[in-house]
Amino acid sequence: MNERETKIVETALQLFSHYGVKKTTMSEIATAAGVARQTLYNAYDCKEQLIYDAVEHHVRKSANLISEECTDVEDLGARLDIAFMHLSAKPCEMMLQMPHGEEILQILEGIDKTKKKNIMRICNEAIGTALEPFRDRLSLGQVDFEDLCEFVRMSFDQIRTRTEEKEQICRSYAPLRKLLENSVVA
């Protein structure tokens, strides 16, 4: 995503979260992002595409941060905390603060399966990056590493989408962290 596209999707997300998706026009997004309306329409044919691209942009940014922040971290729990913070806790806190977050979530639920799978793949790979040093030391019985990453992502998703108050986020995550820490064999 180039700099102009990043500016557009971040601006659109800010406007959607403040005023709502239905009440925000493409013209308002173009003006706030400092681009011509035609430029916006050439890049994005609908608001749903803007929302998807904004989410994908944030997920990719989070995946990069997870990779960077895990570089010198050797503890499984700390590595998992980094992934959880970027893929679940921060997005959850952000959505809880958005006056129109529910409207955005409803639109995301309706995006096409291929786009959803792409976002899930990016998240699974980021979790895999965090767990990779422990791949051979996790005692998971018949559970394959990729399936574990999928399970962790699904758990993160549930915490993020089902949490109704900030204090609940970490409380909901603690059992998953403990489960994985207890699965490491020396």
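Considering segment 67-103, and only residues there that are assigned to a helix (DSSP H, G or I) and of a type in the set (S, T, Y), the residue that is modelled with the lowest pLDDT turns out to be S88. Checking each residue of segment 117-138 against the condition of being loosely packed, with under 14 Cβ neighbours inside 10 Å and either of a type in the set (V, I, T) or in contact with a His (Cβ under 7 Å, 6 or more places away or on another chain) (or both) gives no match. Do we find that E103 is acidic (D, E) and surrounded by 15 or more Cβ atoms within 10 Å (Cβ to Cβ) in this structure? Considered against the rule, which asks whether it is acidic (D, E) and surrounded by 15 or more Cβ atoms within 10 Å (Cβ to Cβ), E103 comes out as yes. May I ask you to list pairs of residues, at least six apart or on different chains, whose Cβ atoms are under 9 Å apart, with the first in segment 20-31 being in contact (Cβ under 8 Å) with a residue 24 or more places away in the chain and the second being exposed (fewer than 13 other Cβ atoms within 10 Å of the Cβ) and assigned to a loop (DSSP other than H, G, I, E, B)? Close Cβ pairs (under 9 Å, with a partner that is exposed (fewer than 13 other Cβ atoms within 10 Å of the Cβ) and assigned to a loop (DSSP other than H, G, I, E, B)) amount to G20/P99.
Listed here are the residues, each with its yes/no results for (1) aliphatic (A, V, I, L, M); (2) under 15 Å from the mean Cα position of the chain (by Cα); (3) more than 30 Å from K23 (Cβ to Cβ); (4) in a helix (DSSP H, G or I).
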| residue | (1), (2), (3), (4) |
| --- | --- |
| L105 | yes, yes, no, yes |
| P133 | no, no, yes, yes |
| G141 | no, no, yes, no |
| L148 | yes, no, yes, yes |
| Q168 | no, no, no, yes |
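For segment 53-96, a residue qualifies if it is of a type in the set (S, T, Y), surrounded by 15 or more Cβ atoms within 10 Å (Cβ to Cβ) and free of Cβ contacts under 8 Å to residues at least 40 places away in the same chain, but none of them does.
When each of I127, I119, I159 is tested for being at pLDDT below 95, in contact with a helix residue (DSSP H, G or I) (Cβ under 6 Å, 6 or more places away or on another chain) and closer than 19 Å to H86 by Cβ, the lone residue that passes is I159.
Residues in segment 107-117 that are over 14 Å from A54 (Cβ atoms) and in a helix (DSSP H, G or I): E109, K113, T114, K116, K117. The number of residues in segment 144-186 that are small (G, A, S) and either in contact with a strand residue (DSSP E or B) (Cβ under 7 Å, 6 or more places away or on another chain) or in contact (Cβ under 8 Å) with a residue 40 or more places away in the chain (or both) comes to 2.
The values are calculated or read from the model by the stated rules, or taken from the named source; none is laboratory data. The structure displayed is predicted, hence computed values, not measured ones. Note that we place each Cβ from the backbone using ideal geometry, even for glycine, and neighbour counts take in every protein chain shown.
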